[in-house]
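The values are calculated or read from the model by the stated rules, or taken from the named source; none is laboratory data. Nothing here was measured: the structure is a model prediction, and the numbers come from that model. Ideal geometry is used to build each Cβ from the backbone, glycine not excepted, and the neighbour counts take in all protein chains shown.
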Amino acid sequence: MDLTPTTEQEEFRAECRAWLEANLPWDYGVGLPPLFDDLAEEVAFLRGWQQRLADAGFVGVTWPSEFGGRDATPLHHYIVQEELARARAPELVGRIGVNLVGPTLLAHGTDAQKARWLPGILRADQLLCQLFSEPDAGSDLAAVATRATPVDGGWELRGQKVWTSYAQFADWGLCLARTDPDAPKNRGISAFMVDMHAPGVDIRPLRQITDESDFNEVFFDGVFVADDQLVGPLHDG
């Protein structure tokens, strides 16, 4: 296998490096991120950085161009990651949306869902979180206990999630909930896009030894989720 970079790939790397040298918020390759006393200030700073990086075309390069990507190859993605590391660039505050929720919607979402949620992800216009872990269901997702019960026009969500990164800043979350309680443990689970500002959503930051609160508990008390927020097949999230 010949892994020699093509001329186009080398030109892309040079383009990315030149942009970072001209736009990095501190000295290229040697500077460090500023220290913030308030997490909200840090998130605001990182959102601004991600918007600039996305506008330049260096976030989600493998995504379809209609959603802000470049229709590029995985190799182009790795080139960007190498150049960001070389430059000591800030991390993406919207990385959960870019790396996890967005690709899930690309693979399993309807056309309407893609049009609704994908455009705001790469620029961090919308921040997303992943609502998987629970007090008794960390890596064992088959133990998920959060329930989604059918109601008129959608579902009613009840349960608790934990260790949810940046939930207090998220606009939407991808949530796994049990929709068929009679199915075997590893079945009967569905995925939903949940409005993190909806009535019944209670977000409680977990204070760390560093005095920061990157992680959260999230409680759902009768949260309404519309039918068109179901992602993928019912009972097979």
- Are any of the residues in region 43-51 over 17 Å from the mean Cα position of the chain (by Cα) and farther than 21 Å from HIS197 by Cβ? yes
Review point. Would region 35-56 turn up any residue that is out of contact with any Phe, Trp or Tyr (no Cβ under 6 Å at 6 or more places or on another chain) and at positive phi?
Key: no
In region 192-228, anything in a strand (DSSP E or B) and more than 18 Å from VAL162 (Cβ to Cβ) is listed as MET193, ASP195, GLY222, PHE224, VAL225, ALA226
- Message: Tell me yes or no: at least one residue of region 128-147 is part of a strand (DSSP E or B), more than 29 Å from GLY68 (Cβ to Cβ) and not aliphatic (A, V, I, L, M).
- Response: yes
Condition set surrounded by 15 or more Cβ atoms within 10 Å (Cβ to Cβ) and among the aliphatic types (A, V, I, L, M), scope region 17-43, selection modelled with the lowest pLDDT: answer is LEU39
Within region 95-109, the count of residues that are touching a Phe, Trp or Tyr at 6+ places or on another chain (Cβ under 9 Å), touching a residue at least 24 places away in the same chain (Cβ under 8 Å) and closer than 13 Å to GLN130 by Cα comes to 6
(1) hydrophobic (A, V, I, L, M, F, W, C); (2) in contact with a Lys or Arg (Cβ under 7 Å, 6 or more places away or on another chain); (3) modelled with pLDDT of 95 or more; (4) surrounded by fewer than 22 Cβ atoms within 10 Å (Cβ to Cβ) all hold for ALA142 apart from (3)
Considering residues that are under 16 Å from GLY200 (Cα atoms) and either of a type in the set (Asp, Glu) or buried (at least 21 other Cβ atoms within 10 Å of the Cβ) (or both), the number found within region 160-173 is 6
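Rundown of residues vs (1) touching a Pro at 6+ places or on another chain (Cβ under 6 Å); (2) under 19 Å from PHE169 (Cβ atoms); (3) among the charged types (D, E, K, R); (4) outside any helix (DSSP H, G or I), yes/no style:
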{"residue": "LEU53", "(1), (2), (3), (4)": "no, yes, no, no"}
{"residue": "VAL80", "(1), (2), (3), (4)": "no, no, no, no"}
{"residue": "PRO90", "(1), (2), (3), (4)": "yes, yes, no, yes"}
{"residue": "LEU100", "(1), (2), (3), (4)": "no, yes, no, no"}
Residue set ALA112, ALA85; condition without any contact (Cβ under 8 Å) to a residue 40 or more places away in the chain, outside any loop (DSSP other than H, G, I, E, B), outside the structural domain of ASP182 (by TED's automatic domain parsing) and not polar (S, T, N, Q); output residue ALA85
